[in-house]
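Student: Let me give you the structure first, and then I'll get to my questions.
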Amino acid sequence: MEKEAIRNKSGVWDVVKSLVSGARLTMQHFRNAKNRRTPEYVSDENYFKQPDGLATLTYPYEAIPVPDNGRYRLHNEIEDCIVCDLCAKICPVNCITIESVKATEDIGTTSDGTKKRLYAPVFDIDMAKCCYCGLCTSVCPTDCLTMTPVYDFSEVDIKNMVYHFTDLSPEQAQEKQRLFEQQQEEQAAAKAAALAARKKS
Amino acid sequence: MLAFVLTLSLMLLIVVVVVYAERKVAAFMQDRLGPTEAGPYGTLQPLLDVLKLLQKEDIIPSAADKKLFAIAPVLIFVAVFAGFAVIPLSPGLVPAGIGIGVFYFLAIVSLDVIGLLMAGWGSNNKYAMLGAMRSVAQIVSYEIPAGLAILSAVMICQSLDFQEISYQQGAIMNLFPGLEYDTNWLFGIEALGINTTAVGGITTWNIFRAPFLLVAFVVYFIASLAECNRAPFDIPEAESELVAGFHVEYSGFRFAVFFLAEYAMMVLVCLVAVILFLGSWNTPLSNIGPFKLAYLTTGTVGELSGILWGAFWLISKTLVLLFVQLWARWTYPRLRVDQLMHLCWKVLTPVALGLVLLAGIWRLLMV
Ligand code: SF4
Ligand code: SF4
């Protein structure tokens, strides 16, 4: 390939040579068109060894894998969530909404052995507001809030960008709330009874 | 009537193939994929494009000269399509075998310019006007080297009939009425004493009968690129500066007609280049000793085999030239107006004039 630029007043031969080298270049690309880039991750040894051939990937069918520690869509494994509210507090854009209800009975432990004491009738993350900073995932004590490799999740209606992670239906949530209030009342009644008994004596 | 339908459908078929090829070739040269979704490997893309254009609203700008605006695309298409009338498809098959085919071709194709000017003027738009003026300036100037290059081939062949020129370039020359006793000599020079009349194949192609016609072919090819507004001579359309030149105001059906005419023009100039310089519908294979390859791949004149072989060779040679056109488009940057005119008037025209002189001398050697 010619490296020197063709001067304005160079001879016919130089011009022909430069025309031919240009034509050769495009022809070379045309001939290499039978090779195609394969969707491989950057750590793959082939990744940098594919300089020839078509560079385009047919995206929805093929995609270069994203890094494991990339920051994409959040996922909460609600089974392991202790509803500590740390993620909601640290979030710089306040896109996590958590409501909690105290459990009346024993609801078991998370997979890493932490005791669960709260239900989460509401655990919403608004992915449209989220800036994917990843702070919430780093504070989560049980590591149940994680980033997934999913990055293609645009929606027609922005309401669908709010992801609901709670595992309680509204009825169940009401039931838990009622149980909790009942327990509170019972405790209050027991307390009052104990107080009255003490006064009497 | 049959010839009309046949030519029209053949032309449309080749145009569809070229439009698809253009996208794929462009994509491959730029390391892209090109159309992949519509049909297998995106082959339905050109058809769907046309369908899309036909569905669109037919917009005529209120300030435009409505009559000129409406007639222009039709005029351009008719001019280009009429050019196809004199193209011989194979021995014995030519839509209109008139004796002055070459002259008619040059005349009818120049009508194209009037259509462009009408479109540009009628649109009442400065981009369209500029595009049309550039286009006319370019086409009118490039007709001179193109015409001179054609003239040198005509001088060698001593005929203005495309079909006669075609017969002269093959092994079956003596079948043409009027050429029964003619002979082809190697390089066209009788003094060499090598008779190639029965050898045929590539040795009787015009670029072989008179090797200097190779230069004429190159001159004609460059000029024809300019005549059909192809890159690197696409300043009339210059997407990046004139938006689309003379057809900037056109949409829908009318734009489809422009588009069709442009691609048909590419096909037409390539067909003429093949007929005048590259042996027309003649096979490139020669009769070598006992192997009568030329006769084998020519078929029998007047029968189906002759028509099919002829059409096959003509169209495949044309497609090769069309590929070169696409190749040039995706390789070379656009010329400036002054460079364009410099190339035409100071390079191609003198060379073509020299070729005409040479053609005269060569012809004297041939007889
Ligand atoms: S990634 Fe950042 S912005 Fe998104 S929810 Fe977590 S803390 Fe909030
Ligand atoms: S920080 Fe983790 S455990 Fe705490 S509420 Fe958020 S997701 Fe649940």
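The values are calculated or read from the model by the stated rules, or taken from the named source; none is laboratory data. Keep in mind that this is a model prediction, so the values were computed, not measured. Methodologically, a virtual Cβ is constructed for each residue, glycine included, from the backbone with ideal geometry; neighbour enumeration extends over all protein chains shown.
Student: If I go through segment A:22-39 residue by residue, how many of them are more than 10 Å from every other protein chain (Cβ to nearest Cβ) and either surrounded by 14 or more Cβ atoms within 10 Å (Cβ to Cβ) or modelled with pLDDT of 85 or more (or both)?
Tutor: Going through segment A:22-39 one residue at a time, the tally reaches 1.
Student: Another one. Run A:Ala103 past the list (1) away from ligand 2 (no atom under 12 Å from the Cβ); (2) crowded, with 16+ Cβ neighbours inside 10 Å; (3) within 15 Å of the chain's Cα centre (by Cα) and report the number of the one that doesn't hold.
Tutor: Single failed check for A:Ala103: (3).
Student: Name the strands (runs of 3 or more DSSP E) wholly inside segment A:115-201 in which the number of residues that are among the charged types (D, E, K, R) is 2 or more.
Tutor: Qualifying strands (runs of 3 or more DSSP E): A:118-126.
Student: Continuing with the same structure: Taking segment A:90-100 as the search range and keeping residues that are part of a loop (DSSP other than H, G, I, E, B) and either out of contact with any helix residue (DSSP H, G or I) (no Cβ under 8 Å at 6 or more places or on another chain) or at positive phi (or both), which one is farthest from ligand 2 (Cβ to nearest atom)? Write out each step before concluding.
Tutor: Step one: list which residues in segment A:90-100 are part of a loop (DSSP other than H, G, I, E, B), which gives A:91-95.
Checking the rest, the ones that are also either out of contact with any helix residue (DSSP H, G or I) (no Cβ under 8 Å at 6 or more places or on another chain) or at positive phi (or both) come to A:93-95.
Values: A:Val93: 15, A:Asn94: 13, A:Cys95: 12 Å.
Of everything passing the filter in segment A:90-100, A:Val93 is farthest from ligand 2 (Cβ to nearest atom).
Student: Which residue pairs have Cβ atoms closer than 6 Å, lie 6 or more positions apart in sequence or on different chains, and pair a first residue in segment B:310-335 that is more than 10 Å from chain A (Cβ to nearest Cβ) with a second residue that is among the polar types (S, T, N, Q)?
Tutor: Final answer for the pair search is B:Gly310/B:Ser90; B:Ala311/B:Ser90; B:Trp313/B:Thr283.
Student: Quick check on my filter: what residues within segment B:33-58 are within 14 Å of another protein chain (Cβ to nearest Cβ) and surrounded by 13 or more Cβ atoms within 10 Å (Cβ to Cβ)?
Tutor: Within segment B:33-58, B:Leu33, B:Gly34, B:Pro35, B:Thr36, B:Ala38, B:Tyr41, B:Gly42 qualify.
Student: Which condition number in (1) closer than 20 Å to A:His164 by Cβ; (2) within 16 Å of ligand 1 (Cβ to nearest atom); (3) of a type outside the set (Phe, Trp, Tyr) is the one that A:Pro149 fails?
Tutor: (1)
Student: One residue is enough: does segment A:51-72 have a residue meeting the conditions within 15 Å of ligand 1 (Cβ to nearest atom), part of a strand (DSSP E or B) and either closer than 17 Å to A:Phe165 by Cα or within 22 Å of the chain's Cα centre (by Cα) (or both)?
Tutor: Within segment A:51-72, none of the residues are within 15 Å of ligand 1 (Cβ to nearest atom), part of a strand (DSSP E or B) and either closer than 17 Å to A:Phe165 by Cα or within 22 Å of the chain's Cα centre (by Cα) (or both).
Student: When residues of segment B:13-37 are filtered for being touching an Asp or Glu at 6+ places or on another chain (Cβ under 9 Å) and part of a loop (DSSP other than H, G, I, E, B), how many remain?
Tutor: Looking only at that region, the number is 1.
Student: From the list A:Lys159, A:Lys129, A:Lys191, pick out the single residue that is among the charged types (D, E, K, R) and within 13 Å of ligand 1 (Cβ to nearest atom).
Tutor: A:Lys129
Student: Name, by its number, the condition in (1) outside any loop (DSSP other than H, G, I, E, B); (2) within 14 Å of another protein chain (Cβ to nearest Cβ); (3) more than 28 Å from B:Ala132 (Cβ to Cβ); (4) not acidic (Asp, Glu) that does not hold for B:Leu10.
Tutor: (2)
Student: Show the residue pairs meeting these rules: Cβ distance below 7 Å; 6+ apart or different chains; first residue within segment A:83-109 and farther than 30 Å from A:Glu185 by Cα; second residue part of a loop (DSSP other than H, G, I, E, B).
Tutor: Going by the 7 Å Cβ cut-off, the qualifying pairs are A:Cys87/A:Cys140; A:Pro92/A:Cys131; A:Pro92/A:Cys133; A:Val93/A:Lys129; A:Val93/A:Cys130; A:Val93/A:Cys131; A:Cys95/A:Lys129; A:Cys95/A:Cys130.
Student: Tell me which residues, restricted to segment A:87-115, are within 10 Å of ligand 1 (Cβ to nearest atom) and of a type outside the set (Lys, Arg).
Tutor: Across segment A:87-115, the qualifying residues are A:Cys87, A:Ala88, A:Ile90, A:Cys91, A:Pro92, A:Val93, A:Asn94, A:Cys95, A:Ile96.
Student: Another question about this same structure. Pick out the one residue from B:Ala26, B:Ala3 that is surrounded by fewer than 18 Cβ atoms within 10 Å (Cβ to Cβ), within 14 Å of chain A (Cβ to nearest Cβ) and under 23 Å from B:Leu268 (Cα atoms).
Tutor: B:Ala26
Student: For A:Gln183, state whether it is surrounded by 11 or more Cβ atoms within 10 Å (Cβ to Cβ) and away from ligand 2 (no atom under 16 Å from the Cβ).
Tutor: Yes; evaluated as a whole, the condition is true for this residue.
Student: Within segment B:250-367, which helices (runs of 4 or more DSSP H) (wholly inside it) include 1 or more residues that are in contact with a Leu (Cβ under 7 Å, 6 or more places away or on another chain) and closer than 28 Å to B:Leu179 by Cβ? Break it down stepwise before answering.
Tutor: Details: elements: B:252-277, B:293-296, B:304-329, B:337-341, B:349-366.
Of the helices (runs of 4 or more DSSP H) lying wholly inside segment B:250-367, those with at least 1 residues that are in contact with a Leu (Cβ under 7 Å, 6 or more places away or on another chain) and closer than 28 Å to B:Leu179 by Cβ span B:252-277, B:293-296, B:304-329, B:349-366.
Student: So, in segment A:121-171, of the ones that are acidic (Asp, Glu) and away from ligand 2 (no atom under 15 Å from the Cβ), which residue ends up nearest to A:Glu99 (Cα to Cα)? Talk me through it step by step, then tell me what you get.
Tutor: So in segment A:121-171, the residues acidic (Asp, Glu) come out as A:124, A:126, A:143, A:152, A:155, A:157, A:167, A:171.
From what's left, away from ligand 2 (no atom under 15 Å from the Cβ): A:152, A:155, A:157, A:171.
On the way: A:Asp152: 28, A:Glu155: 26, A:Asp157: 24, A:Glu171: 15 Å.
Here the answer is A:Glu171.
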